[in-house]
Structure formats: structure tokens, C-alpha cells
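First the structure, in the form of C-alpha cells, and then the observations on it.
The values are calculated or read from the model by the stated rules, or taken from the named source; none is laboratory data. This one's a predicted model, so the numbers in the text were calculated from it and none came from an experiment. Neighbour counts are summed over all protein chains in view; Cβ atoms, including those assigned to glycine, are modelled from backbone coordinates with ideal geometry. When the accessible area is computed, the model is the full protein with side chains, heavy atoms only, and any ligands, DNA or RNA have been set aside. Shrake-Rupley method; radii C 1.70, N 1.55, O 1.52, S 1.80 Å.
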Amino acid sequence: YAYLLWDITQKGYEKKRGKLLAPYIPQIQGVDPSLQIDNRIQASSQVVLPGTKHNKSRAANTRDERFRSDLHTEAVQAALAKYKERKMPMPSKRRSVLVQSSVEACTPPDTSSASEDEGSLRRQGRLATSTPYQGHGHPAVEHWFNRVIQGSSTSSSASSTSSHPGGRSVTTTNTTAHAALNANATATALADLMAHTQLDNHSAPPDVTGLSERSSLHAERPQVASVRGVSRGYNHQTSVMETADGVPVNSRVSSKIQQLLNTLKRPKRPPLREFFVDDFEELLDVQQPDPNQPKPEGQQMSPLEGEPLGVVTNWPPSLPAALQRWGTTQPKSPCLTALDNAGKPVYTLTYGKLWTRSQKLAYTLLNKLSTRNEPLLMPGDRVALVFPNNDPVMFMVAFYGCLLAELVPVPIEVPLTRKDAGSQQIGFLLGSCGVTLALTTDACQKGLPKAQTGEVATFKGWPRLLWFVTDGKHVVKPPKDWHPPIREASNDIAYIEYKTSKEGSTMGITVSHSAMLAHCHSLTQACSYTEGETITNVLDFKREAGLWHGVLTSVMNRMHVISIPYSLMKVNPLSWIQKVHSYKARVAVVKSRDMHWSLLAQRDQRDISLSSLRMLIVADGANPWSISSCDAFLNVFQARGLRPEVICPCASSSEAMTVAIRRPPEAGVPPPGKAVLSMSGLSHSVIRVDTEEKLSVLTVQDVGQVMPGALVCVVRVEGTPYLCQTDEVGEICVSSGSTGVAYYGLPGMTKNVFETIPVTSSGLPISDRPFTRTSLLGFVGPDSLVFIVGKMDGLMVVSGRRHNADDVVATALAVEPMKFVYRGRIAVFSVSVLHDERIVVVAEQRPDASEEDSFQWMSRVLQAIDSIHQVGVYCLALVPANTLPKAPLGGIHISETKQRFLEGALHPCNVLMCPHTCVTNLPKPRQKQPEVGPASMIVGNLVAGKRIAQACGRDVAQLEDNDQARKFLYIQDVLQWRAQATPDHPLFLVLNAKVLLTIFLMPPWIKMLNVVPNDVYMHYSHANFLTSLPLKIYLQKLNYIALKNFHAGIDLIATFYGCLYAGCVPVTVRPPHPQNLATTLPTVKMIVEVSKSICILTTQAIMKLLKSKEAAAAVDIKSWPMVLDTDDLPRKKSPQMYKPPTPEMLAYLDFSVSTTGILAGVKMSHAATSALCRSIKLQCELYPSRQIAICLDPYCGLGFALWCLCSVYSGHQSILVPPLELESNASLWLAAVSQYKVRVTFCSYSVMEMCTKGLGSQTEALRLRNVNLSCVRTCMVVAEERPRISLTQSFSKIFKDLGLSPRAVSTTFGCRVNVAICLQGTAGPDPTTVYVDMRALRHDRVRLVERGSPHSLPLMESGKILPGVKVIIANTETKGPLGDSHLGEIWVSSPHNATGYYTVYGEEALHADHFNTKLSFGDTQTVWARTGYLGFLRRTELTDANGERHDALYVVGSLDETLELRGMRYHPIDIETSVIRINSDSLLHLLCLICCFSFAPPNFIPPPSAVFTWTNLLVVVVELEGSEQEALDLVALVTNVVLEEHYLIVGVVVVVDPGVIPINSRGEKQRMHLRDGFLADQLDPIYVAYNM
């Protein structure tokens, strides 16, 4: 028993010394008395609190004394002092969010508590102490200050503060100045100590989110790009730094990022062994316990037996028999007195009245309620009791009426609204119990929510109920010959008590008649109840101790109960003490909350005496923090007649009922005990005594002896219920006749909880009697006293260590309040993220609290919990006042709060996530092994029987020599030939939204404005225009001309060919968006500059746009080259047309913004242009009689080739649908496909998305308009990315009803080095889909898995490889060939490869490697172009058109876009897909678009810690389509899902408005541009969260 402090210790000696010296040590002004005085005394009956008699009245935000321990407060302040002052980056909010969140809830919240036992009352009052020990604390404080001044650190195994460097210590020259310490030095030392507890956040850097006005949003997203080799002159930024990559960084953002990095660089505690090594082989590593952790050393405990139940003569055989006895023999004896909200007695129920009224109700229920002439209720049926907490009389009548009628009462709370917290679970309980009738009062029924019919509304999840009012006029007097059956107590169910589990589910605990009787018997014996005693009950009379003492045992013993309603306690917290005084009550049943509230109000009442009390039963004595309320209450009310031995804490649970209770003093029991335990030891379930000198301690009081007739033991919490050792904490189990019997309708859980068989270490059962688990955690101390240290419901097992939610709440409250958080409204719970529990703290913030103060409090709470409990907090959230869900009797509904947090429905106003601090079980970072040489790889593949991953399309070599190939070498010659050979053949058909299928039908070729409509001149028209200009001097051969056309149409095509005939190199440019000039015009300017264009050809409308005032704001008008209007054409013919000397001459430049945000122009020669057209013609079987529909942007890549080149080359008719037209008529493209019965059509992802979203609900209307897509054989999505399977599948499913074949939709693949590598075409097998392991992909490996496997990722083949194209998969590092199904870079060799990048300053050499590279081994002769995309080839079982096995190419993603994190390669699209899948009904309509990227912060050197493996920070940007108040819900959801699915910690979460994430014309996100915008502070985000 060494761990209980009975004798005097050094600390006790110091206190006694302090008592003597107290009058001679001056008070320190301006310091919290709780820091001056150490208030604990080791003797059990002498407990004092700070003595500040003449203090001014306490402020409104009085500290929550129930969770107060001055020692604990001291510990927290000392722990905070050890933290180095360091700034954390404060989250950034847009001004509108700040305003809304602070004004949202101006009404002060219900100041009730964080659980039923956690209330605080805001009253003007003070805590006065009338104790003879007022000077006690000073020597202890002096001793404390000496230690601070000497700089001696508190070395404690229980505290982790020593692991945090930088704790400042104050040193003095005279270290022996113990006795000579004067008041000034003390004050200085304390001031210094307190200074460290303040985090200097008031000098936080400016907000990262510029609070500038929002720019208006438009349909088209901004397209801005960075250019290879060009300085970015268009950003107009001030104070810009650059990263190593040349990315401009705004100093405001960078300062916050730097703060974040400073917090991340802090050396953490060594991590636990990882749970698993996340590797290809999926090796799971079992967590190894810390060898230094404390282990239990005692012997195995022996079961503890309570005293035997005494034999009572004349004891009634059942509870109804007791009621009958007192109702007939003592009818005038008072049974229950009910009070109103003013504290006046409104009704006293006598035993006679209770008996007769219960009889009436029983008779009515059994005989007067019927359906179809059959009685509604039969004996044994369950009946709901719905009574308010201020009407105990009607409840008692209804309860005993049900017992007399042999019905089973199920008391529940009154539902106030249709969406009460936990209401659905109560409904589930009622449904499972088969409840059809609910009893209630008239007043209560009138207050229930009503349906439109006037009947009581059906609550969510509830069964259909018949409501019966039990007031007098509704019940019938039974005939004289009717008597209720009074039987002996049996094992039949007497009543069902509801209990809410930790997860929020509600279970019904069945209590038999015999158990109810036995419990009354044992309570009577333990509490020495006698007939006629008066008892004051402050608890809920419907369940637990309030029901057991105030409704059941009281009737058994003919006691008089004074019932104090909760509503009266809120108005007058002293009411129960006044009733004890006025009724001379012998017993009071309260919770520590009630004692605490009365302390705050006790000054209002002087003339009260508690001398009549012989027992003050503290029902929540099992809460370890109730000791502070007990001590404080005794300290104050001892002067008013309260004897110390009267306070009797008890421990109980719904399952086992009363487990232990401290006996009244006349029972001859040992004196009460206290234990001061190390929190560190408790976290390992080990009991270790701790001197109160140390920081992390928990002081607990005993809850007395076990109940009479009960057998108690302590078993291990997890696994087989082995008996604990004597110094080990476990779950207390009880075997007695007075416990609950089962969970109603849940046999599996019943067996686990109510039929546990504890076993010894050798595996033998300790008894043949089953035990009931109590869900109380504790141990048995000396003198057979039971000590409770927590509950299973509040248990949080983090990294193998156990923490109690109440302890964490106490630590949070010990951080001195700053008047901005409601103290009683704090919820602590754990959520499971990445194979471990993570602690979440949620508190209600006062409406007048400033952002900085709130953030400061949050950061100090994190530090305090880290120091005291050595555990990190995963998330700390502040919500607006009065928004947390309430439990029935006040307090916070913890499970509902947790559910809202997980669903993203909490709507916090402040969030601080700390995943870097507390997630220590990430998989080991990948250590890259030395690469195997390419030769070894080939040999290895050969040995393994794998072929080299190489594939090619149809061979086109035999076509090269014939005349047609030579004739078709130049595209402009083909046009000229067609114009002469087939002048009347239509090539193009342009549609627009207004007049369907009628505009620009060109019978004889193209009608060009003022050109004669003779197609022979079509190829002359623009050549005339260019060569006849007086500017011809500038337009020398191979000069570059930028072509811009607002509407994609015929003008662009004609102008393009005009340039070729004039010998100029055309550069097609997307025109700027008229509503978004600021972002789209700089891109145009860049292309014009980079391409060195000397002239711009455009339409009149765009000319005006370029010279408008809005355009001038973005780009200087004078900086444009010459701008010519194509609408104004000359009639003069050109004398001659330009003929290129060789096919390798440059034909046109293709500029495109890549997905990485880089603007790259590639050079296309005449030979490559013709080869491209030939490949597409062969693949799609294009010939003059065919029609294809194209809904693509015609400015670059394959879209340009299909729009401008292919029809001229192959002679087929192209139906052109500009994508812009779909914004006004979404069905235009599909209607055209249907009307013209098109077999082959091309579109982009953005077009497909527009159709899916815009027409998803209109398929029936389209069908009625005869839109039929059964003609479509191939619908190809033109893309430069991994196929978006979810989108293509959605498209196929939606339009299946219109006849679209699910096999028709496929994708193409191209890139900058080759715009068309794969294209499905008309022949060959359907595209295949494989499933790969996403974890293996991170390691650059391909592992095929089955559909539905965990971590599986579907990949669809990107069409068939084009004729003439050869593809090989190469290792990115060694440039050697890889085997089949191996991941590597896709290399391509083809006649239509581009010949190189076009850059201004001749940097072609820099990227020559992209276009002209060779394998390091194997076929070292072939020249390949590197696509920059990762993928793999796989030989399938399918057969190609040429009869050989088909090779499928799977594109995984762009190499430039991949994120290198923790040594692994991540593809942003995978992370984004996970975030989009966040499964929350409340957020489904909110997530508009997700984008993620990473960046290496400037000047960042990772610390030399093995834990810190980041060199890049992962940033996730989310577009929010909902209210700005919902923005903060996303922070935790995004962090959780990325951790769970990718084992990555998100560094920054940015929530922005819809339309902020830039996308290019193909619908692809430009992540690098978004990154630049974020770093340059240009996003104007709604919220930015920096995860610690």
C-alpha cells in the first residue's frame, strides 16, 4: 500500500512550516492565488482551498471547479513555461467569414456542461473559504519559486516537457538564497514564469489571404502559364522572392510557411515503431511496446467480496407488494414532493395516492385501450414513458402503474424537436423493443412537435406510437372486484433503462423484478435507510442513481423524496441545500456539478444548516475530478454544519447498477483514502504513487466498499478477461443478484458484457458465477476500498497508451481562461485515423472573442496537453456559441458531436490540426536502392520470361513510296488538288446554338465574306490578302503570324491555309475571354512574344477588344505587333504561291499550356503534318463519304489537327461544333450526332462534363426529340492525361437510354512531342481496363489486382496505337528498356513527332533530349521522343485487326506533375479523387473541384531528424460551392482522407471559391499555375489552414 499517503511527507512538512510562517510572508500582488497557495493536505479529513476571504466577487467566466486542481493548474503553467516562445502560423480567413462567425451566435449559450457532470454556472459569486488553514500555501510556493530561480528542471518520468528543448530557466548568481528570498524577487520570478505561458501571437504576420475585393467569376477559367526561358513580366507583384525553381513567392505567404516549417522542424519524441511497413509485400510490423514503460509488479488480485446481505424480517416479496403495503397501511405518509421553478412545493404525493392512482392507470392500460375489440396491451409488453424532468409525480404514477399492470416501462427523454441529438437512436431502441404506446402528461403532449394533422409528429427513426395522457380525466377507476396481480419478484423484466454508448448507439438494459428488489435491499443496507427518512434527490429520476434512490428504494423503505428539478437548479443552484435545511433531510443524492454550482452561489444565503445530513451521496464519484468539488464543498460548508464524514462518493454504471459506495460513519468502516497517482503510469494501466511535486499527477478519492452480497474483481480491458495484478488498472466486474440482466435484443453484446467469466493467469475461471462488466476503470486499494480512475466511454487508446477524456478536459481548463471559450462546453473524444486513435478537442467560443486570442488559447492548450499527458492533439476546433448538440440534462452530447465532426457538419469557426505532431505511425519513407543496370534488367526480364515492353501500330512503310504519298506531302497541295478535282464536295459544316444545323453550310467549298464563292479561289483568298499588303517587306518567308479568331470556325481554317500559301508560319492562339481579360490576355501576349510573331490576324471584334480600356489594364496596347483585320480582304489575286523547298521545313507552331502550367510551343514540319493526317485517316478509316463530328477547341494539339487538317487531307466532311456554343445549348453536339447519324465523333473532357451535368436529367426530353445515339460507333475524348474513367462511365450510363453503346466511349492520348499517339479508331478490340495497386504505383511498380481490392486503382487503355507509331517503356533514370507491365516513361518514335520546342532565346538544346534520345541498352539506334508521361504496356489476350495479340498502353500520369513525397511518387489526381469521395451528405454539393500540389519552401533545410521526412509540403486546394461557414469543415475531412488512403500529411488546406482553380481548354487542371498563384497570394481564399 505504499502508494497511499497516510504519514507526513516532505511536502507535508513544508506545508506545516508554511502554516507557521504564513503571517510573515507578504502577499504577491496581481497574481492568481491558485499559483500562490498549494491547497492539498494529506490527511483525508483536512482539505482546504485557496484562502482569499476578502477577494472581490468572481468574474462571470468563473473557473469550472469540478475539473480544478490547483496542483494541476500549477503543473500546466509550469509545462507551458518550459515551451520556447515560438510562433505558429495562424490560419487565414477572409473578412466575411470573420464577421459572420463572430456575430453568428450573440445569445449566450446554455451554460450547462460538457457532459452531464461538466456544467459551469455564470453567476456573480466568489469562492470564500472559512478555514483555519489560510496561510498554507506560501512555503510551498517559496519552494517552487526557489526551484524556478535556480533553474532546476522538474525531471519527471510522467512529463514529457524535458523532451522539448528551449525551456528558459532563470539563473541567479546566488543559488543559496533560499531563506533570503524577498517578496520582490519572488514576484519577479513569478512574472518571468508567467511570461513564458503567453504565446506571443499578437505580432503574427499579416493575413495570407489578401482581403481585396473579389473579382467577378465567369464561365471560363483563367489560363495563365509560365514560359520556358521567358521572364514573367505580367504578374505586377511587389516584394516577390523566388524559390529555387524560380517560382515567385509573396513574402506574406512565405512568412507563414516559414512559421509552419519552424514548428515542423522541432525535434519530436522518437516515434513508435511503425504499425506496418507499407511495401509491395505488405509486411505488417506489429507495434513493439516501449521496453522502458512501467509494468505491473504486484501479485494477482483476489476477488473482493462485499458483506453478506442481511436477512430482514417482514421484507416485502416485491416492489409492487411494498407499494401495496404502504398504500394501504400508511396512506397519509408523504412519498414525493415536487417543486416548481421558484422552489415552492407544488404537490406532495402520498403513498395512498400513489397506490390508488397507479391502480387506476394499470386498469385503464389493460382494459380500456383496444384495437378491433382486442386489448392493445398484454402483460410483458413494453411501454414508453415520456415525462419531463420537472414532473416526477406523474412519472412515478406511470412507472408503478406499469409494474402493477405487468407491463415493462421504458423511460426515455422528451423529444423537443424532430432532430434532437441522439433521437434517431432512441427511436431504434423503441422499435427494437416493440413499443407501440407512449405515456405522457397533458402539458408535455401539448409541447411536442405536431404534424399538420395536429397529431404528434413522427420523429426521425421512431416507430409509429399511440400517445396516451395519464392525467386524471383519462384514466378510469377500476371496479371493486378488480385487483392488480401482486406476485413475488421473478426473473421477468421489470423495466428497461436506456444507455447511450461511446459510439452513440442506444441500448436498452433490462432489469428483472428480482434484480430490482435485490438492488433496493443492498442499497438499503449500504446506506442504512430507515422508514420515514427524508431524502433530497437532485438527479434525473428516470434513470441510474436518481431512479434507484428516488423512485425504487425510497418506496421500499417508505421514505419521503424531495425532488429538485434541473430547471430549478439552473435558476437557483442553492435550492437543494435550502430543501435539506427546511425538510431536515437525512440524505441528499447529488452530482459534483450540483455541489460546484452551489459553491458559486453560496454567498446569497447565510442562514442554512446541513447538520441534519448523515449522507451526501455523490453519484458521480467515479469521475476522478469530482474530488475537487467534494473538497471545495466541504471546505465552505463545514462551517454550516456539514461533517466531513458525511460525503459519500459512489460508483455505478447502467449495467451493474451501484458498484460501490462509501458508507456512513456509523457503519464502522475505515477512514476514506486518497491516492496521488502518476498519469504516465495510468496511461500504461499501472498504478504508481507520485509525490505531488511532479507535474503529471491525478489525485483520486475512494468510492467506498463494494455493495453487500456482491463479488468484485478487476480484469484486463482488452482480450481475455484475465485478473489484473494489484498495481494494475483494469475494468471492474461485478457478480451479484442486483445487476442488469441483458441488452434488450442484443444477445451477442449481452454475452460479452453480462456473462463475462474472469480467469486467473493460468486460465482457470475464478468463479462459476457470471460477472457483469461495469465499464468503470479502477483498482482495489488498501482496506478493500475501491478507486475509480475513469470510464470506458471516456477511454482513448492512443499509440498503445490509455488517456481519459475527463483528464484532457481538466488540462484544457487549467490553461488560464482568456474570456473567449465557454468553460463548461468542451468535448473531448477520439477518432480513428490511420490505424490509431486521434484526440479531438471541441469547445464553444464566445461571440466577442478575437481570432488572435482564440488562436493563442488553442496553441497553449496543445502545448499543455502535450506536456502533461505526453500525447498530441490531432484536431482542436472552436465552434460558435450554443451550436454543440446538447444532452437531455444539459451538457454536450459527445457522440453526436463526434458524428458531426466525422460528417463535416460541425461548422467550426476556428480549426487547428496537428497531424505532423501526433501521426507517428506513417510507413517508413522509401529508401531508393541503387538502380539495377539496364543490361541486368534485360537479362532479368529474359530469365523471368518477360518480353521487353515495346509496341507499334500498323506499318506504314509500304505507303511511303507510292505516288499518292508524294502527292500528299504538303497539306496545302492537297487542298489545291481537291479544289480542282472535287470543287463541289462539302468539307466543313459549322453549327451554332441558335439556329441548329443551318449556319455555314458550304456547298461549293467555303464562302469567304467578300471572296468569289468559287472554291478554286479558296486556297488563294488569304494568300492574296497577305501578299498584296504594303507590309510584304515584313512578311518574308517563314515569318510567324499569330492567328486569333473569336469563334472557332471557318475563318480560322481559311486564314491558316492562307498563311501556308504566303510562306508564313501560322501560330493559332485562343482569343482572350471578353469577361476575363486580366488573366487570359497575358497568355495571348506571351504566345505572341515567345513565337516572335510580327503580325496578328484576327477579326474586327477581337481587334476592338485588344484596343479596349479593359485590355489596356492588363497589357500595354502599344506592345502588340501589327494587327490586321481578316474581315477586310482585298480582291486582287496573288501572283504566285509559296512552295516549301523540303518537307522538313516548318509548317506551323503548336502552342499549348500543359497540365503543369508550362506554355510550350512545338514545331511541326510539313512531313510531320502529312504523316499525322495519314495516321488518323488509316486508324479511323476516313474517306470522302464519311462524316465525323468534332466538338473541340481548335487551337492546339489533336483538336487543331482534326479541325483544320484532317478533312482537307482525307476529304471527309467535318461537322464542327464550337464548345462555347454548348454553354447556351448543351444538347447541340449530341443532337448533331443523332441528326447526321455520325459514326465517329471527338470531344473533350470539358464537353463531356458539360453534357453529363447539363443533360443528366433531360434524357427523356431528348428521347422525345428523337435524339438517338445508337449510330455512334466510336466517341473519342481527346486528352493529354490519364483517362477519367468515372466521367466516361457516367457519360455512358446517362446516355445509354438514348442508344449509346457502353463500348463506344474511349479516349485518345497525345502530348507535346507527339499530339496523337493513341486513338481508338474503328477496327480492333475494345479498350480494356485493369486494376493496379495504388501503393505499388508509389514505388514505381505495377501490381495487377482484382476489381474491388483495397487500394485498387482502375486504369483504362488510352485507345489503340496509331499506324506508324512505335512505343517503348523506358526507365526514367537509366534510360534502359523495361519489361511488360513495368512502370516507366512512355517513349515514342513516329513520322509525325514534333521536331522540337520553339523558344525565344535558342534554348532548343536544353530540351533536345525530349525529341532526340536513344536507349542506353538494347536497340540503341532508334531515335525516340520522351513524352514525359508514366505508363506501362501490357500484352492482352485480345487479337488485333492484323491477327496478332494486342498490346495495350496504359497512361498513369505526367512525370512533371508527380509529387515526390517521403521518397515515393504520388499522382495528384489520385489524391484529388480521394478528397472528392469524402462521403458526407452535407458536403456532396459543396466540393466543386479539388486540386493538390506540393512545393519545396524557400531556404528550407530539413532537420536531421528521422521523423521529419518532408522536403515538400503538400497543399490541397478545394473549391467550395456552399456557404463560407462550411469551409472549415473541410480541413479535417481532407486531412483525414489523405492520411487514410495515401499515408500523407497535408501541409496546407486552402478553401477557395468556385472558378479559382485554373483549367485549360481540354478541361485539365493547371496545378503549377495554381501553386504560383497561392505563393503569390493571388487566390483570395475563403480559408487557409496550416497543419502543424
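Could you figure out which of (1) over 24 Å from Trp625 (Cβ atoms); (2) aliphatic (A, V, I, L, M); (3) in contact with a Gly (Cβ under 7 Å, 6 or more places away or on another chain); (4) surrounded by fewer than 20 Cβ atoms within 10 Å (Cβ to Cβ) isn't true of Ala710?
Of everything listed in (1) over 24 Å from Trp625 (Cβ atoms); (2) aliphatic (A, V, I, L, M); (3) in contact with a Gly (Cβ under 7 Å, 6 or more places away or on another chain); (4) surrounded by fewer than 20 Cβ atoms within 10 Å (Cβ to Cβ), Ala710 misses just condition (4).
Is there a residue being within 23 Å of Phe1309 (Cα to Cα) and not hydrophobic (A, V, I, L, M, F, W, C) anywhere in the stretch 1224-1241?
Yes; the residues of the stretch 1224-1241 include at least one that is within 23 Å of Phe1309 (Cα to Cα) and not hydrophobic (A, V, I, L, M, F, W, C).
Residues are listed down the side, and each one gets a yes or a no for (1) modelled with pLDDT under 90; (2) farther than 30 Å from Lys1366 by Cα; (3) assigned to a strand (DSSP E or B):
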position: Leu1438; (1), (2), (3): yes, no, yes
position: His1446; (1), (2), (3): yes, no, yes
position: Thr1473; (1), (2), (3): yes, yes, no
position: Ile1478; (1), (2), (3): yes, yes, no
position: Ser1482; (1), (2), (3): yes, yes, no
position: His1485; (1), (2), (3): yes, yes, no
position: Cys1488; (1), (2), (3): yes, yes, yes
position: Cys1491; (1), (2), (3): yes, yes, yes
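I'm trying to understand the selection: among the residues of the stretch 558-577, which are open to solvent by less than 10 Å² (accessible area, probe 1.4 Å) and not aromatic (Phe, Trp, Tyr)?
Answer for the stretch 558-577, where residues must be open to solvent by less than 10 Å² (accessible area, probe 1.4 Å) and not aromatic (Phe, Trp, Tyr): Met559, Val561, Ile562, Ser563, Ile564, Pro565, Leu568, Met569, Pro573, Leu574, Ser575, Ile577.
Could we say that Arg773 is basic (Lys, Arg) and touching a helix residue (DSSP H, G or I) at 6+ places or on another chain (Cβ under 7 Å) here?
Here the answer is yes, as Arg773 does meet what is asked.
Could you list, in sequence order, the residues of the stretch 1299-1333 that are surrounded by 20 or more Cβ atoms within 10 Å (Cβ to Cβ), of a type outside the set (Asp, Glu) and closer than 30 Å to Pro925 by Cβ?
Result: Val1330, Val1332.
Consider Glu544 against the criteria (1) modelled with pLDDT of 95 or more; (2) under 30 Å from Ser423 (Cβ atoms): it satisfies all of them except one. Which criterion is unmet?
Only one criterion in (1) modelled with pLDDT of 95 or more; (2) under 30 Å from Ser423 (Cβ atoms) is unmet by Glu544, namely (1).
Check Val1550 against each of (1) within 23 Å of Val1084 (Cα to Cα); (2) among the hydrophobic types (A, V, I, L, M, F, W, C); (3) buried (at least 21 other Cβ atoms within 10 Å of the Cβ) and name the one condition it does not meet.
(1)
Could you check the stretch 461-501 and list, in sequence order, the residues that are among the basic types (Lys, Arg) and either under 18 Å from Pro411 (Cβ atoms) or not in a loop (DSSP other than H, G, I, E, B) (or both)?
Lys473, Lys499, listed by residue number.
Only one of Tyr347, Tyr351 is among the aromatic types (Phe, Trp, Tyr) and within 21 Å of Leu539 (Cβ to Cβ). Can you tell me which?
After ruling out the rest, the residue left standing is Tyr347.
Quick one: in the stretch 1240-1250, which of the residues that are open to solvent by less than 10 Å² (accessible area, probe 1.4 Å) and not β-branched (Val, Ile, Thr) is farthest from Leu1202 (Cα to Cα)?
Met1248
Answer with yes or no whether Arg1265 is closer than 23 Å to Ile1176 by Cα and open to solvent by 10 Å² or more (accessible area, probe 1.4 Å).
In short, no.
Please tell me if Ser738 is of a type in the set (Gly, Ala, Ser), touching a residue at least 60 places away in the same chain (Cβ under 8 Å) and closer than 26 Å to Ser784 by Cα.
Answer is yes for this residue.
Is there a residue being within 29 Å of Leu517 (Cα to Cα), over 41 Å from the mean Cα position of the chain (by Cα), open to solvent by less than 10 Å² (accessible area, probe 1.4 Å) and β-branched (Val, Ile, Thr) anywhere in the stretch 590-603?
No: zero hits.
Pull out all pairs, ordered by first then second residue, where Cβ-Cβ is under 9 Å, the residues are six or more apart or on different chains, the first lies in the stretch 1249-1277 and is in contact (Cβ under 8 Å) with a residue 12 or more places away in the chain and among the β-branched types (Val, Ile, Thr), and the second is in a helix (DSSP H, G or I) and open to solvent by 70 Å² or more (accessible area, probe 1.4 Å).
Close Cβ pairs (under 9 Å, with a partner that is in a helix (DSSP H, G or I) and open to solvent by 70 Å² or more (accessible area, probe 1.4 Å)) amount to Thr1259/Lys1296; Thr1259/Asp1297; Val1267/Gln1235.
Only one of Lys1237, Lys1253 is closer than 27 Å to Pro1074 by Cα, of a type in the set (Lys, Arg) and either surrounded by fewer than 19 Cβ atoms within 10 Å (Cβ to Cβ) or in contact with a Leu (Cβ under 7 Å, 6 or more places away or on another chain) (or both). Can you tell me which?
Lys1253
If we only count helices (runs of 4 or more DSSP H) wholly inside the stretch 562-674, which ones have 3 or more residues that are closer than 23 Å to Pro388 by Cα?
Hits in the stretch 562-674: 566-571, 575-583, 592-601.
Please go through (1) open to solvent by 10 Å² or more (accessible area, probe 1.4 Å); (2) within 30 Å of Thr897 (Cα to Cα); (3) in contact (Cβ under 8 Å) with a residue 24 or more places away in the chain for Lys446 and return the number of the only condition it doesn't satisfy.
Tallying (1) open to solvent by 10 Å² or more (accessible area, probe 1.4 Å); (2) within 30 Å of Thr897 (Cα to Cα); (3) in contact (Cβ under 8 Å) with a residue 24 or more places away in the chain, Lys446 fails exactly one: (3).
Residues in the stretch 1145-1159: is at least one assigned to a loop (DSSP other than H, G, I, E, B), within 21 Å of Thr1068 (Cβ to Cβ) and modelled with pLDDT of 90 or more?
yes
Return the pair list, or none, for Cβ contacts closer than 7 Å from residues in the stretch 459-476 that are in contact (Cβ under 8 Å) with a residue 12 or more places away in the chain to residues that are part of a loop (DSSP other than H, G, I, E, B) and among the polar types (S, T, N, Q), at least 6 apart or on different chains.
Between residues of the stretch 459-476 that are in contact (Cβ under 8 Å) with a residue 12 or more places away in the chain and residues that are part of a loop (DSSP other than H, G, I, E, B) and among the polar types (S, T, N, Q), the close pairs are Arg464/Thr458; Leu465/Thr436; Leu466/Thr436; Val469/Thr441; Thr470/Thr441; Asp471/Thr441.
Here's a check for you: in the stretch 604-640, which residue that is open to solvent by less than 10 Å² (accessible area, probe 1.4 Å) and hydroxyl-bearing (Ser, Thr, Tyr) is farthest from the chain's Cα centre (by Cα)?
Here the residue is Ser629.
Somewhere in the stretch 750-760, is a residue modelled with pLDDT of 95 or more, more than 38 Å from the chain's Cα centre (by Cα), closer than 12 Å to Ala656 by Cβ and outside any loop (DSSP other than H, G, I, E, B)?
The answer is no; no qualifying residue exists.
If you take just the helices (runs of 4 or more DSSP H) that sit entirely in the stretch 302-414, which of them hold at least 2 residues that are under 49 Å from the mean Cα position of the chain (by Cα)?
The qualifying helices (runs of 4 or more DSSP H) are 392-404.
Provide a single number: the residues in the stretch 1353-1367 that are more than 13 Å from His1446 (Cβ to Cβ), open to solvent by less than 10 Å² (accessible area, probe 1.4 Å) and not in a strand (DSSP E or B).
4
Just to be sure, is Lys1092 of a type in the set (Lys, Arg), within 20 Å of Tyr1398 (Cβ to Cβ), touching a helix residue (DSSP H, G or I) at 6+ places or on another chain (Cβ under 9 Å) and in contact (Cβ under 8 Å) with a residue 60 or more places away in the chain?
no
Under 7 Å by Cβ, and 6 or more places apart or on different chains, what pairs join a residue from the stretch 1415-1428 that is under 16 Å from Gly1379 (Cα atoms) with one that is outside any loop (DSSP other than H, G, I, E, B) and open to solvent by 20 Å² or more (accessible area, probe 1.4 Å)?
The qualifying pairs are Ser1416/Pro934; Phe1417/Pro934; Phe1417/Ala935; Phe1417/Ile938; Gly1418/Ile938; Gly1418/Ile948.
Which of the strands (runs of 3 or more DSSP E) contained wholly in the stretch 792-911 include at least 2 residues that are open to solvent by 10 Å² or more (accessible area, probe 1.4 Å)?
In the stretch 792-911, the matching strands (runs of 3 or more DSSP E) lie at 795-798, 801-804, 821-832, 837-845.
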